[in-house]
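Novice: Let me begin by handing over the structure; questions about it come next.
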Amino acid sequence: MEQSLWKQGLLRVAGVDEAGLGCLAGPIVAAAVLLPLDCEMIEGVRDSKLLSATARSRFFNLVKENAIAVGVGIATVREIEQINVLRASYLAMQRALGRVAPYDHALIDGRPIKQADLGSHTAIIDGDATCYAIASASIIAKVRRDRFMQRLAKRYPQYGWERNAGYGTKQHLEAIDQFGITPHHRRTYAPVQRAIEQLSLNLGD
């Protein structure tokens, strides 16, 4: 896909992806990776979900070294709650792209986006599995978000965020039931809402 755009004269092509859309806690982190023209693709780079944590860390450094620019954008828990998770993910992407501007075209993982001002772009379903630029961005986004959640886990060790990254694992759900929620939990998500309702019932007893 990148090569096709380069041949059309679109020389500054950015891959974009996000991490954390389905998590119960923590922000959404998006990354934009601006690749050099006719860059040599790093062997093994693919969808971050298919890589081990060790491999992601290694490719994280290699992608940063080989890219023209790397931008990261964050949508906070409050923004997720206020404007909904999908729009928050677009906001994070906009912020990431703003950090690699100017760019001629963006390749974005997911379905076509009409509700966001992302400039000239192509949305590719499962793009992180089929497009090198998007796969590169998926690694940057995933590693940056995981590291953020690992730092948060030191303040809230009972939730296991260093392992589950805020996803709704059995351990995380049990910890919410036992300890309640934190300011970093997304209160608009059903499992978190149930915990809030249960706390209200308990306080009313």
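The values are calculated or read from the model by the stated rules, or taken from the named source; none is laboratory data. Values in this document were obtained by computation on a predicted structure and should not be read as measured data. Cβ atoms come from the backbone with ideal geometry, glycine included; neighbour counts cover every protein chain shown.
Novice: What helices (runs of 4 or more DSSP H) completely inside the stretch 112-166 contain at least 3 residues that are free of Cβ contacts under 8 Å to residues at least 40 places away in the same chain?
Specialist: 132-155, 161-164
Novice: Let me ask you something else. Take Leu21 and decide whether it is modelled with pLDDT under 95, surrounded by 13 or more Cβ atoms within 10 Å (Cβ to Cβ), out of contact with any Gly (no Cβ under 8 Å at 6 or more places or on another chain) and over 11 Å from Ile140 (Cβ atoms). Step through it out loud before you land on a result.
Specialist: Working: modelled with pLDDT under 95: no; surrounded by 13 or more Cβ atoms within 10 Å (Cβ to Cβ): yes; out of contact with any Gly (no Cβ under 8 Å at 6 or more places or on another chain): yes; over 11 Å from Ile140 (Cβ atoms): yes.
In short, no.
Novice: Considering the stretch 100-118 alone, what residues qualify as being over 22 Å from Leu24 (Cβ atoms) and surrounded by 15 or more Cβ atoms within 10 Å (Cβ to Cβ)?
Specialist: Start the filter on the stretch 100-118 by keeping residues that are over 22 Å from Leu24 (Cβ atoms), which leaves 100-108, 111-118.
Matches in the stretch 100-118: Val100, Tyr103, Asp104, His105, Ala106, Leu107, Ile108, Ile113, Ala116, Leu118.
Novice: What are the residues in the stretch 24-45 that are out of contact with any strand residue (DSSP E or B) (no Cβ under 8 Å at 6 or more places or on another chain) and either within 13 Å of Ala88 (Cα to Cα) or of a type in the set (D, E, K, R) (or both), if any?
Specialist: Gly26, Asp38, Glu40, Glu43 - these are the residues of the stretch 24-45 that are out of contact with any strand residue (DSSP E or B) (no Cβ under 8 Å at 6 or more places or on another chain) and either within 13 Å of Ala88 (Cα to Cα) or of a type in the set (D, E, K, R) (or both).
Conditions tested, residue by residue: (1) surrounded by fewer than 16 Cβ atoms within 10 Å (Cβ to Cβ); (2) among the β-branched types (Val, Ile, Thr); (3) modelled with pLDDT under 95.
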| residue | (1), (2), (3) |
| --- | --- |
| Gly127 | no, no, yes |
| Ser138 | no, no, no |
| Arg147 | yes, no, no |
| Ala153 | no, no, no |
| Gln158 | yes, no, no |
| Trp161 | no, no, no |
| Gly166 | no, no, no |
| His172 | no, no, no |
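Novice: Could you grab me the full set of residues in the stretch 74-95 that are hydroxyl-bearing (Ser, Thr, Tyr), buried (at least 18 other Cβ atoms within 10 Å of the Cβ) and within 19 Å of Met149 (Cα to Cα)?
Specialist: Ser89
Novice: Select, from Gly22, Gly15, the only residue that is assigned to a loop (DSSP other than H, G, I, E, B), touching a residue at least 60 places away in the same chain (Cβ under 8 Å) and among the small types (Gly, Ala, Ser).
Specialist: Gly22
Novice: In this structure, is Val143 touching a Phe, Trp or Tyr at 6+ places or on another chain (Cβ under 7 Å), β-branched (Val, Ile, Thr) and closer than 25 Å to Ala53 by Cβ?
Specialist: yes
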